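Accompanying notes for the structure given below.
Read-outs: derived from the displayed coordinates by stated rules, not from any lab. Please read these numbers as outputs of a predicted model, since none were measured by experiment. Virtual Cβ from ideal backbone geometry, glycine too; neighbours counted across all protein chains shown.
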């Protein structure tokens, strides 16, 4: 116990800290692989578990269930935060990684909706809930474990490996998917091969448990236990500890919300944009985005190390400001790579009652049916009010008054016939070397923005809260912010794009959340060099 009355512990040796970082980081890679593999296989899972006959609705239902996992992360943070502060860091994140591995393998074993009907999506939802609970306890455990082993002058750099490992889980998920698709025929992959990445999580679970079993308990927790300073009720004490309510507010709205939407925009929105708006073949899209993410992990390490010199606040605030300036230009850069993509807004639909609901299985109005076809094909459109239903490019328009729009199976063909040209059959493209490099540069810009805001966050959050309730206090705001602001990002942005017909419009959600985080973070985060919680205990 130091002179301020805060429990301290002896600094671990260099070999011990290397083992701590390696085991914690690899476990984090594996656990986030389990969570991200669901997102990486979005198109095929949407058809397998949420068939509706409406491609847009299938995609939105898929992302809704994706968000369910994130929605339960705060509950996992409360549950495992309580256990982590009461029973210890090590054994708590052994439980979380086991739960995650079993739940992920379970998704790969659920029969399709064609086989067992609505029981299929119900089982997937249950397994996603278990994944969310596990992840709610995993991040806080790994981040705190490394932070409590790290000397203050290196804490940002050492914990940045945990942040980079989150990206590593995304990269690993894409790598496994690409490997399986390469080894299997297209028919095998569509029939059963997509299940293999999920079942492989059992092997990853075994490796992760083996590595983490080698670890000893956090020295800070052991010192607290010996001194009798362990919290009685960590959840309650997190909100009653002096000054903690303000810190939780800043951690939620000024840190977790902002950095998470940047991260998911770089990863999932970037991948979806390349696949759907640019119509790049899936394998090439996954390869380019995966390479960008792998190269971009260095930005997380750089930001963590930088924060050890300049403090935790400056990299995050600078990252937020640059995101507001560069988010749209980065996506515009990707959109400029090919004129065969659907990012060029050319079609205009004019008519009465041009309302469109992405969640409706079938649109009630004639204009809505046309908009639904464009949205499901990923083709941008403009909408104008007119007395008669028309569509066209530029100033020209063709009347659709006599076109049969009732039958969804023939509607697209009828529209193409009246326009005299193909509209919906947009071929997937193989990007040229130049196009691929431009997309890669844009992804690296997004990764740099994410790295600046995410690289030092584990050190920042560990230093914001008192050790006796640290697991709960940092996990709760982090997982509420990342679970709701970030987890619902793919659903919200996909809805906005489908509703507006503009492939860039979903980025406004990210932009607004980052602006909020910048204001709160600028106001609430402490500047100056890094310091332990004991130096700022009020």
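General observations
- Sequence-distant contacts, meaning Cα pairs under 8 Å at least 6 residues apart, place the relative contact order of region 347-419 at 33 percent.
- Where labels lie 7 Å past Cα in the beta-carbon direction, separation of residue 16 and residue 353 in nm: 7.3
- Gyration tensor verdict on region 366-471 (Cα atoms; rounded if a/c is under 1.5, prolate if a/b is larger than b/c, oblate otherwise): prolate
- With the helix formula -39500 (n - 2.57) applied to DSSP H stretches of n ≥ 4, the chain reaches a computed 222 nm mean residue ellipticity of -20500 deg cm²/dmol.
- Legend: Rg and Dmax of the chain, from Cα coordinates, 24.3, 85 Å.
- Taking the fewest neighbouring Cβ atoms within 10 Å as the starting point, the ordered list for 177, 514 is 177, 514.
- Largest first, the three principal axis extents of the alpha carbons in region 380-538 are 75, 40, 29 Å in whole numbers.
- Of all DSSP beta bridges in region 347-419, antiparallel share, percent nearest 5: 55
- The chain: angle of helix 489-500 to the longest principal axis, Cα-based, in degrees nearest 10: 20
- Ordered by the count of other Cβ atoms within 10 Å of each Cβ, fewest first, 85, 407 give 407, 85.
- Förster radius 30 Å - calculated FRET efficiency between residue 202 and residue 361 (Cβ-Cβ, nearest 0.05): 0.25
- Global geometry of region 347-419, whether rounded, prolate or oblate, following the gyration tensor of its Cα atoms and the 1.5 cut on a/c: rounded
- Counted by neighbouring Cβ atoms within 10 Å, the residues 25, 216, 43, 450 run from fewest to most as 216, 43, 25, 450.
- Secondary structure note: in the chain, about 50% of the DSSP beta bridges are antiparallel.
- Gain on full stretching of the segment that runs from residue 407 to residue 112 - 0.36 nm per residue minus C-alpha separation: 103.5 nm
- Nitroxide proxy distance, nm - points 7 Å out along Cα→Cβ at residue 505 and residue 87: 4.9
- Förster radius 30 Å - calculated FRET efficiency between residue 119 and residue 182, Cβ distance, rounded to 0.05: 0.40
- For region 83-112 versus region 402-464, the gap between their alpha-carbon centres in whole angstrom: 33
- In this simple spin-label model, placing a label point 7 Å from the Cα along the Cα-to-Cβ direction at both residue 433 and residue 388 gives a separation of 5.3 nm.
- Cα-based helix-to-principal-axis angle, 282-310 vs the chain, degrees rounded to 10: 30
- Chain lengthening between residue 512 and residue 298 when straightened (0.36 nm per residue, less Cα-Cα): 74.3 nm
- Based on C-alpha pairs under 8 angstrom that are at least 6 apart in sequence, the chain has a relative contact order of 26 percent.
- The angle separating the long axis of helix 470-480 from the principal Cα axis of greatest extent in the chain is about 10 degrees.
- Chain lengthening between residue 240 and residue 210 when straightened (0.36 nm per residue, less Cα-Cα): 7.0 nm
- Size of region 444-538 from its Cα atoms: along the principal axes, largest to smallest, the extents are 52, 25, 24 Å.
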